[in-house]
Amino acid sequence: MAVHARDRRHTLIVRSVDGMMIEIKGLSKVYDMGRSNAVRALRGIDLFVGAGEFIGIMGPSGSGKSTLMNIIGCLDRPTSGSYTLDGSLVSSLDDDELAAIRNKKIGFVFQTFNLLPRLNALQNVELPLIYRGQPQAKRRATALEALDRVGLADRVHHRPTELSGGQQQRAAIARAISGSPAIILADEPTGNLDSRSGEEVMQVFQDLNNGGITVVLVTHDENIGRHSKRLIRLWDGIIKADEVVTDRAIAASVLERMPPVLPAPVALQSTLGAQSMYVS
Ligand code: ADP
Ligand code: MG
């Protein structure tokens, strides 16, 4: 039985089940397209996610994955039903309150990295900390620590174009964790990566999750989904299956079994060099 109370900021707080990070009950989302045209993107979702879980959300295109992610990420509101995030009933918040809780609780990782091209990795990770009002010395230390955690300590002064796709995504993860979020939401984070880089990114998520962060990962890739501890399968706006991953993929072990990356053959390197000299 939930107990309702108001905190000092007059935000409705629901004292919910201990250790629950996400509590979604009877949630639906209808996109009103006008002229009595409506898309029922989510049709009655019940989902409970404990703190420290690692869940994968899978389902075919159009099944409602992004809609559910946007609601979990406090970017959008449900049409009906309730959503409680880490004890706060977010489905009743206004835009400012929603933004405040999003900044405090959630780190986003996107398929396209969304790094600013003119800033180096360190500056990209520092940027949200400037908006949080952190003093310079503190935010530099926080950003360097986050970059170290994702294995980019030796790339902090590189701009996105000077990083591989996998390194760019790891920089984006460093940015997502720099504000110490309770949850990381990742929508198709390996969609633009080769299999080794994708595996390295999954290793970072698994490390972070082992450190206590709740991870919610959307993917259409069954191999990537197997890195989570629990899989939610969406179908046409409802949860079709909610299963424990019994044969979980551990990225560190998968990487050990992958063939080593060989440097490009010398002949190819010199051809590339000649081409780039020609172009420039
Ligand atoms: P997925 O991410 O699984 O591909 P989405 O959540 O993007 O699915 O979409 C679920 C359904 O809602 C689809 O039928 C889609 O066309 C519709 N939809 C998604 N976003 C909007 C929107 N902003 N306006 C109208 N319909 C939308
Ligand atoms: Mg989608």
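Checking the structure you have, find out if any residue of the stretch 169-190 is farther than 26 Å from LEU75 by Cβ, in a loop (DSSP other than H, G, I, E, B) and either at pLDDT 95 or above or in contact with a helix residue (DSSP H, G or I) (Cβ under 8 Å, 6 or more places away or on another chain) (or both). No, there is no match, as no residue in the stretch 169-190 is farther than 26 Å from LEU75 by Cβ, in a loop (DSSP other than H, G, I, E, B) and either at pLDDT 95 or above or in contact with a helix residue (DSSP H, G or I) (Cβ under 8 Å, 6 or more places away or on another chain) (or both). Each residue in the stretch 167-201 was checked for being surrounded by fewer than 22 Cβ atoms within 10 Å (Cβ to Cβ) and within 16 Å of ligand 2 (Cβ to nearest atom), and 4 pass. Of the numbered criteria (1) within 13 Å of ligand 1 (Cβ to nearest atom); (2) under 17 Å from TYR31 (Cα atoms), the one GLY73 fails is (2). Checking the structure you have, find out if any residue of the stretch 34-47 is within 13 Å of ligand 1 (Cβ to nearest atom), modelled with pLDDT under 95, touching an Asp or Glu at 6+ places or on another chain (Cβ under 6 Å) and within 27 Å of THR219 (Cα to Cα). Looking for residues that are within 13 Å of ligand 1 (Cβ to nearest atom), modelled with pLDDT under 95, touching an Asp or Glu at 6+ places or on another chain (Cβ under 6 Å) and within 27 Å of THR219 (Cα to Cα), one finds at least one in the stretch 34-47, hence yes. Is it true that VAL204 is closer than 19 Å to ILE177 by Cβ, within 16 Å of ligand 1 (Cβ to nearest atom) and either without any contact (Cβ under 8 Å) to a residue 40 or more places away in the chain or crowded, with 17+ Cβ neighbours inside 10 Å (or both)? So VAL204 does not fit the description; no.
Annotation: SER164 fulfils all but one of (1) touching a Gly at 6+ places or on another chain (Cβ under 6 Å); (2) more than 16 Å from ligand 2 (Cβ to nearest atom); (3) more than 28 Å from ARG132 (Cα to Cα); the unmet one is (1).
Let's see how each residue does on (1) loosely packed, with under 15 Cβ neighbours inside 10 Å; (2) touching a residue at least 60 places away in the same chain (Cβ under 8 Å); (3) within 16 Å of ligand 2 (Cβ to nearest atom); (4) assigned to a helix (DSSP H, G or I):
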site	(1), (2), (3), (4)
GLY56	no, yes, yes, no
PRO60	yes, yes, yes, no
SER82	no, no, no, no
LEU116	yes, no, no, no
ASN124	no, no, no, yes
LEU129	no, no, no, yes
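The values are calculated or read from the model by the stated rules, or taken from the named source; none is laboratory data. Treat the numbers as computed from the prediction; the structure is a model and nothing was measured. Heads up, the Cβs are rebuilt from the backbone with ideal geometry, glycines too, and the neighbour counts pull from every protein chain shown.
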